[in-house]
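Below you'll find the structure, written out as structure tokens, and then a few comments.
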Amino acid sequence: MAYDVTGRLHEIFDEQQVSEKFRKREFVLEVQDGQYPEQIKFQLVQDKTALIDPFKMGDEVKVTFNLRGRGFNKNGQMLYFTNLEAWRIEPASGGAPAGGGGSSYGQQQPAARPAQNQNPNLRAQPSAQPIAGDDDNDLPF
């Protein structure tokens, strides 16, 4: 399922060659969510790493992305991580997609419709299943 969010580019990182066959580039989008802004990190992978090139920090953009998750076993303990994998970036004003060139991947998946009573900047309808109780939460806030 595809999601999209509109916000201001807060930070853009350099491309990283993670392995011989995998490269990525990360960026942070600041999304206004009520009183406090959220700073959300996305990644672009493989041939999509250049999609961010036409933009600069401070630009308002619309990012279309997929939610990706993986688990792995480290020393007998299962660990999980989640990535927001961007595959389309366009000006928030609704201009043509940046870097859309010859790739038809960006046009194949329609964006999800907004759910009611949800942040208007983020549109999706994922199933909300809690993964841990509050007593498992070790975050400082």
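Readers should treat all values here as calculations from the given coordinates under stated rules, not as data from a laboratory. Keep in mind that this is a model prediction, so the values were computed, not measured. No Cβ is skipped: glycine too gets one built from the backbone with ideal geometry, and neighbour counts run over all protein chains shown.
Take the Cβ atoms of MET1 and ASN75, set R0 to 30 Å, and the FRET efficiency comes out at 0.35. What is segment 26-78 by shape, rounded, prolate or oblate, if you read a ≥ b ≥ c off the alpha carbon gyration tensor as root eigenvalues and call it rounded for a/c under 1.5, prolate for a/b larger than b/c, and oblate otherwise? Judged from the Cα gyration tensor, segment 26-78 comes out oblate (a/c at least 1.5, b/c at or above a/b).
The calculated FRET efficiency for GLU85 paired with ASP53, based on their beta-carbon distance and R0 = 25 Å, is about 0.90. Couplings 3J(HN,Hα) for segment 14-21, derived from phi with the Karplus relation 6.51 cos²θ - 1.76 cosθ + 1.60 (θ = phi - 60°), are 6, 5, 10, 8, 6, 8, 4, 10 Hz, where x marks Gly and Pro. Amide H to amide H, with H built 1.01 Å from N, ASP59 comes under 5 Å of LEU9, counting only residues 5 or more places away or on other chains. Amide H to amide H distances under 5 Å link TRP87 with THR64, PHE65, ASN66, where only residues 5 or more positions off or on other chains count and H is placed in the peptide plane.
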